[in-house]
Amino acid sequence: MEHDANAKTGGSDTQSQSTQAAGALGWRPDAGEPTEGSVGPRDVCKETDELVDAHPLRIAEAQNQRTVKSCRFCWMCRHLCTVGNQTWLESTTPRGRALNLYSVLKGAGKFDSEVADVIYKCSLCGLCKEFCVGAYDMPTLVRAAREDLVHSGLAPSGAMLMRESIREGGTPWDSQLLRKLGAGVVNSRGASPGLADRSQSPVLLFAGCAARSLRPSIVDAMVKILDVAHVRFTMLENEVCCGMPLYDEGFREEAREQAVGIGASIASTECKVLVSLCPTCVWAFRDVYPDLGVNLGGELEILHSSEFIFRLLTDGGLNAGPRADGVPHASDKFVVTYHDPCSMGRILHKYETPREVIGSLPGVELREMRWARDHAHCCGGASVHTLYPEVGEPIATTRAGEALETGAGVLVSTCPSCEHHLSEAAGDGLEVLDVAELVASILEL
Ligand code: SF4
Ligand code: SF4
């Protein structure tokens with residue numbers, strides 16, 4: 001894949017690199033009609049069955065082939081790819097990824113470390129899909145390609161380490177990092193000591209590994225909110241990762257095993273409402289687990305913490321009005337902006353509830369970023385941050401800069417992973433909080 005890995009997103013070399021790449025597949029734009037055995041942009045559909053037979057790969061499945069064949073010669077979303085805009089490499093845009101995979105499907109190229117680099121250097125943000133008039137699903141194709149790479153023994157070493165960290169410690173973040181962050185606050189496998197004692201409660205609070213491992217202050221804030229609202233809740237004694245990092249990195253079978261274990265733990269609580277601090281966990285429990293063959297039961301309501309907080313604010317369990325003692329809240333003219341995490345927005349389509357929670361807080365003014373809701377820019381994504389910090393960190397810095405442009409002093413998120421990356425990038429002048437932390441702070445809990 002050397003031809004494309006070095007192609008720039010802009011500049012005069014793009015055309016020749018693309019022509020070379022297409023030429024490697026037996027077709028050139030200036031060569032007239034494709035000759036026998038060559039591959040051109042007009043023969044998209046006729047080869048589908050033939051390719052499935054020849055390549056028993058996940059990327060050869062019909063839906064994924066459609067994405068490969070549509071994206072390989074399309075330029076329409078390359079200007080907004082989260083990673084492509086950072087690397088300025090054509091190979092790490094949707095088109096570049098598709099062209100690499102088409103080459104593999106046709107046998108003109110093969111899976112190798114360069115293709116692995118192109119495929120793992122995607123934040124799965126879904127911004128390309130949101131803008132695509134055909135709704136071609138690049139994140140699903142990328143996950144499929146990662147599965148194929150795992151089976152080919154070509155997963156990056158960082159992904160393998162993450163897998164071991166989840167297996168051994170129940171979190172993608174290794175124990176050394178946990179020690180550095182102060183594992184005494186929240187232990188690496190479960191909830192804060194004592195919290196798990198509240199058994200047989202209708203509400204299960206699922207913290208998620210990013211909050212447990214990286215931002216335990218979010219767990220503490222949510223516990224305060226539930227206590228003040230007199231909500232009886234429980235937490236899993238030995239909570240472990242929901243398995244989504246495994247699913248995203250191509251370890252589908254391990255993700256399924258993780259889902260089976262977590263599913264059994266959740267069922268044992270007999271809870272009626274599951275509240276998660278992480279939108280990716282919500283997506284896992286709601287949509288991905290059934291796809292992996294693990295059903296949590298039709299009776300279980302699965303909510304993001306912001307939705308549960310909104311419910312408490314509207315049913316009177318949580319009071320955001322004047323304080324009982326008449327003393328005004330200290331939050332006069334508190335300007336915040338809100339970052340739509342990719343999984344909360346483009347996957348779960350939960351845009352308004354976090355804004356309604358923020359808007360209901362006394363003295364808080366919400367200012368929108370230019371790129372918001374379904375067009376929100378990504379923070380760089382957890383695995384890109386972990387495997388390619390030289391790419392992920394500047395992406396987070398750019399997003400923090402967009403927040404600062406609004407004049408806000410606080411950037412609010414609903415994803416502990418985003419909060420972690422954005423707070424590392426923010427520097428002075430911008431505080432990054434989860435919506436639960438904001439509520440607990442403004443209401444002085
Ligand atoms: S996702 Fe849509 S817009 Fe982007 S390259 Fe593929 S077909 Fe084109
Ligand atoms: S999911 Fe995001 S990072 Fe991946 S190709 Fe699409 S826009 Fe780029």
**Request:** Check Cys128 against each of (1) touching a Phe, Trp or Tyr at 6+ places or on another chain (Cβ under 7 Å); (2) surrounded by 24 or more Cβ atoms within 10 Å (Cβ to Cβ); (3) of a type outside the set (Lys, Arg) and name the one condition it does not meet.
**Result:** (1)
**Item:** From Arg311, Arg323, residue being of a type in the set (Lys, Arg) and at pLDDT 90 or above
**Value:** Arg311
**Asked** Looking at Cys71, is it over 20 Å from the mean Cα position of the chain (by Cα), within 12 Å of ligand 2 (Cβ to nearest atom) and not charged (D, E, K, R)?
**Response** yes
**Hits in the range 133-151 - residues which are within 14 Å of ligand 1 (Cβ to nearest atom), within 19 Å of Ser417 (Cβ to Cβ) and over 15 Å from the mean Cα position of the chain (by Cα)** = none
**Prompt:** So which residues in the range 239-266 are among the β-branched types (Val, Ile, Thr) and under 19 Å from Pro279 (Cα atoms)?
**Reply:** Val240, Ile262, Ile266
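Could you list, in sequence order, the residues of the range 49-61 that are modelled with pLDDT of 50 or more and either within 16 Å of ligand 1 (Cβ to nearest atom) or farther than 12 Å from Leu141 by Cβ (or both)?
Pro56, Ile59
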**Item:** Residues of the range 261-289 satisfying the condition of being hydroxyl-bearing (Ser, Thr, Tyr), under 21 Å from the mean Cα position of the chain (by Cα) and part of a helix (DSSP H, G or I)
**Value:** Thr280, Tyr289
**Item:** Odd one out for Leu154 among (1) part of a loop (DSSP other than H, G, I, E, B); (2) within 15 Å of ligand 1 (Cβ to nearest atom); (3) at pLDDT 95 or above
**Value:** (2)
**Request:** Name every residue in the range 345-391 that is touching a residue at least 40 places away in the same chain (Cβ under 8 Å) and on the phi > 0 side of the Ramachandran plot, in order of residue number.
**Result:** Gly363, Gly380, Gly381
**Prompt:** Pairs under 7 Å by beta carbon, first residue without any contact (Cβ under 8 Å) to a residue 60 or more places away in the chain in the range 87-114, partner small (Gly, Ala, Ser) and within 16 Å of ligand 2 (Cβ to nearest atom), six or more apart or different chains?
**Reply:** Thr92/Gly84; Leu101/Ala145
**Message:** Which condition from (1) acidic (Asp, Glu); (2) at pLDDT below 50; (3) within 16 Å of ligand 1 (Cβ to nearest atom) is the one that Glu130 breaks?
**Reply:** (2)
**Request:** Go through the range 337-361 and count every residue that is among the small types (Gly, Ala, Ser) and more than 20 Å from Ala135 (Cα to Cα).
**Result:** 2
**Asked** Name the pairs whose Cβ atoms lie under 7 Å apart, with the first residue in the range 124-137 and among the basic types (Lys, Arg), the second at pLDDT 95 or above and near ligand 2 (Cβ under 9 Å from one of its atoms), and 6 or more positions between them or separate chains?
**Response** Lys129/Met138; Lys129/Pro139
**Condition broken by Leu296, with the remaining ones in (1) within 19 Å of Pro202 (Cα to Cα); (2) touching an Asp or Glu at 6+ places or on another chain (Cβ under 7 Å) satisfied** = (2)
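The values are calculated or read from the model by the stated rules, or taken from the named source; none is laboratory data. The model shown is predicted, which means the values in this text are computed figures rather than measured ones. No Cβ is skipped: glycine too gets one built from the backbone with ideal geometry, and neighbour counts run over all protein chains shown.
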